Amino acid sequence: MPLFGPPNIEKMKAKKDVEGLIKALSYQKDWLLRQDAAQALGDLADARSVEPLIAALDDENHEVSEYAAVALGRIGGVRTTELLITALTDGSGSEGVRSSAAKALGEIGDSRAVESLIAALEDKNHKVSEYAAAALGRIGGARTTELLIAALTDVSLSGDVRSSAAKALVQIGAPSVESLIVEFSQAIAENDNGPRFSQTKDCLIKIGEPSVQPLAILLDDPNRRKQWLAAQMLGEIGSPQAVEPLIAALTDQTKSRDDRVEVVEALGKIGDPRAIPHLITRLKSNPSKDTAAALERIGWKPGEDEVSAWYWVARSNYQRASALGSVAVEPLIYATRRGVLSAVEGLVKVGAPVEDILVDLFKNDKGNIRLFAVKALVEHVGWKLEQAEIIAWYRVAKEEYETAANLGAVAIEPLIEAIDIYVAGNQKVIPALVKIGKPAVEPLIAALTAESDEWGRSLAAETLGIIGDRRAVDALINLLQDDDESVRVKTYAAEALGKIGDPRAIRPITALLKTVEEFWYKQISGSLEAFSKVDVLVANNDGTVTDTRSGLLWQQADDGGERTYEDALTYCRSLRIAGHDDWRLPTKEELNELASVSPGTLKKKFPDIIRGRYWAHTAISELNWAEAPERIAYTVDFDPESGNYRKPITYFKTYSYHVRAVRNTTG
């Protein structure tokens, strides 16, 4: 029957006139009427309205399509889910249909839609992906969480897709926390600082309280970074549930002070008064700005007591601390022991035994604290500059390094202490130590292995290089070969060895080059250029030649004959040259290194050397031939005219080649 005017939605709904409401759903004159029809069909939840409502998802008015989606969600059922999945995944469908279908699937909550909704996260239309994420959040479940975690951590997906997956996981809430914690922890363990790390971290924070207990467990994780991040995240969440675990972490003496900084900040952000006594305990043992700030955020205010004195020291307001009188003595001593001049002035003001405190620091501390102490003793206690030692320390404390150097050896100790202090300014100490010269060498060598900053060790090495004393060579080479030493220190040591020019450094520098990155390679390789003019072979005028790189002693002139391998071994063992009877056949590596010397040098040091093949001592373990290994041995070709030589190659031991004997001079 034709309609003569707008349909009466309320009457049709009351009569459960589904057919009439379906017709009203297509009433083009009034979108509000279509919207009401969609809502009424949802209320009636009649399966006959499913397909008309799906068609309404494409209504030109988005409000109508929204109501149609809600209605479909209320109707539900297998048939509805299947049709909505088709509408969602149909590439020819409009954006409005796809987004409304996603919303309807979320309303229904049928897990069969999960895969399709996951795929919809990649929809080019943001509205579709947002509705899909919201739908997944409403559906939830282990399978949904698993797929969303996979999408969240898949770097091949766009940032928008991963963001949509994150929103869905946050909407799922508590059920997704366990999986997120696992991914978050693995990302940290694998040093993965990409989206996998950042997205899981953000999700856990946004989920809030359900994340608190799992994050609290990480406060005791062996991985320190997990501890720090867990504390930070608990602070961001701000839940009172996190206070007790954070207090436990704060009072855990197995953790270092640095490891507890994030815990302090988290407690400050949460602002729970339960943390105040524990923060005060920390303040009195480590008066840091972060602890003072945390107390402020919670609402604690300083008064006139000792705790307040610790607070003002933490805030570096030593004048306010000293104004409190005798209660400030211990906090001010703490600051004095860390080189704070204003704290010394505060101690003078409250009448504390300043001289005794500073003398103790000067005698028993090191580096900048000793320099600070002697400066304070002269300028605030009134020590007179009479002893040369005190004068030297004071001049160095005033950064008058050249004046200190004029005092000679007495200035060595304070100058070496100063070299370990200033990252930028400590290089100014080097000319002063160089001016003192050789007397500073042994103390500088000791500084190479002292427990000091790597810059201090680096600049000690640089100073030794400029002084150029060969006594430093062994210590510098040891630095190159120390696996625990930083590449920066090794670079300075290599450069110092290049300046000293001792050939023994060539091998360790060359070995170091094989282990460093390009940035350091360029700097270290430059140190080898300094050896280009060094005479690595020294003729001893007794029939021998010393290779200063390796310390090996070579037979200077052979008899020109050729021998089999076994005869070559016998020949070497029977040699008596320069009073030595421990000559041997060289290894292929030793022959190779000798053959690499420039032709002019080689010919000069070994006048009778000719082009030819020389036997090398060969262990069976070095060979891997089809022939019996006991039948072959390595040889090295020499060409003293051109400098060309071939890499070691094997030949049968019955062949006859030249022999040049060698002996060790060390070990």
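The table for this structure:
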read-out: Lone unmet requirement of (1) open to solvent by less than 30 Å² (accessible area, probe 1.4 Å); (2) under 23 Å from Ala633 (Cβ atoms) for Asp582; value: (1)
read-out: Sole exception among (1) open to solvent by less than 70 Å² (accessible area, probe 1.4 Å); (2) over 55 Å from the mean Cα position of the chain (by Cα) for Ala113, by number; value: (2)
read-out: Candidates Ala343, Ala328, filtered to the one that is part of a helix (DSSP H, G or I), closer than 13 Å to Lys284 by Cα and touching a helix residue (DSSP H, G or I) at 6+ places or on another chain (Cβ under 7 Å); value: Ala328
read-out: Number of positions in the range 1-52 that are open to solvent by 90 Å² or more (accessible area, probe 1.4 Å) and within 22 Å of Val78 (Cα to Cα); value: 3
read-out: Enumeration of residues in the range 212-240 that are open to solvent by 40 Å² or more (accessible area, probe 1.4 Å) and farther than 25 Å from Gln186 by Cβ; value: Pro240
read-out: Members of the range 316-327 found to be aliphatic (A, V, I, L, M) and in contact (Cβ under 8 Å) with a residue 12 or more places away in the chain, listed by number; value: Ala321, Leu324, Val327
read-out: Residues located in the range 75-96, provided they are surrounded by fewer than 18 Cβ atoms within 10 Å (Cβ to Cβ), touching a helix residue (DSSP H, G or I) at 6+ places or on another chain (Cβ under 7 Å) and at pLDDT 75 or above; value: Gly77, Arg79, Thr89
read-out: The range 498-510, residues that are within 30 Å of the chain's Cα centre (by Cα) and either free of Cβ contacts under 8 Å to residues at least 12 places away in the same chain or open to solvent by less than 30 Å² (accessible area, probe 1.4 Å) (or both); value: Pro508, Ile509
read-out: One residue from Leu267, Leu295 being under 28 Å from Phe184 (Cβ atoms), of a type in the set (A, V, I, L, M, F, W, C) and at pLDDT 95 or above; value: Leu267
read-out: Candidate set from the range 535-574 (those that are part of a strand (DSSP E or B) and open to solvent by less than 30 Å² (accessible area, probe 1.4 Å)); member that is nearest to Ile509 (Cα to Cα); value: Asp547
read-out: Options Gly77, Gly106; residue that is over 37 Å from the mean Cα position of the chain (by Cα) and on the phi > 0 side of the Ramachandran plot; value: Gly77
read-out: Condition check for Thr515: open to solvent by 30 Å² or more (accessible area, probe 1.4 Å), over 14 Å from Gly498 (Cβ atoms) and not aliphatic (A, V, I, L, M); value: yes
read-out: Condition met for Ala133 (part of a helix (DSSP H, G or I), of a type in the set (A, V, I, L, M) and at pLDDT below 80); value: yes
read-out: Selection within the range 297-328 - among the hydroxyl-bearing types (Ser, Thr, Tyr) and more than 17 Å from Val340 (Cα to Cα); value: Ser308, Ser326
read-out: Residue satisfying all of: in the range 421-466; among the polar types (S, T, N, Q) and either assigned to a helix (DSSP H, G or I) or modelled with pLDDT of 90 or more (or both); farthest from Val410 (Cα to Cα) among these; value: Ser458
read-out: Extreme residue, farthest from Ala404 (Cα to Cα), among residues of the range 351-384 that are free of Cβ contacts under 8 Å to residues at least 40 places away in the same chain and among the charged types (D, E, K, R); value: Asp356
read-out: Among the candidates Asp290, Asp272, residue that is open to solvent by less than 60 Å² (accessible area, probe 1.4 Å) and touching a Pro at 6+ places or on another chain (Cβ under 9 Å); value: Asp272
read-out: Test: residue in the range 575-595 that is touching a residue at least 24 places away in the same chain (Cβ under 8 Å), part of a loop (DSSP other than H, G, I, E, B) and among the polar types (S, T, N, Q); value: no
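Okay, residues lined up against (1) over 20 Å from Arg260 (Cα atoms); (2) surrounded by 17 or more Cβ atoms within 10 Å (Cβ to Cβ); (3) free of Cβ contacts under 8 Å to residues at least 40 places away in the same chain:
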{"site": "Leu279", "(1), (2), (3)": "no, yes, yes"}
{"site": "Ala294", "(1), (2), (3)": "no, yes, yes"}
{"site": "Tyr311", "(1), (2), (3)": "no, yes, yes"}
{"site": "Ala314", "(1), (2), (3)": "no, yes, yes"}
{"site": "Val329", "(1), (2), (3)": "yes, yes, yes"}
{"site": "Arg338", "(1), (2), (3)": "yes, no, yes"}
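The values are calculated or read from the model by the stated rules, or taken from the named source; none is laboratory data. Source: prediction; values computed, not measured. All Cβ positions, even for glycine, are placed from backbone atoms using ideal geometry, and neighbour counts span all protein chains on display. Note: accessible area is taken over every heavy atom of the protein model, side chains too, but ligands, DNA and RNA are not part of it. Shrake-Rupley method; radii C 1.70, N 1.55, O 1.52, S 1.80 Å.
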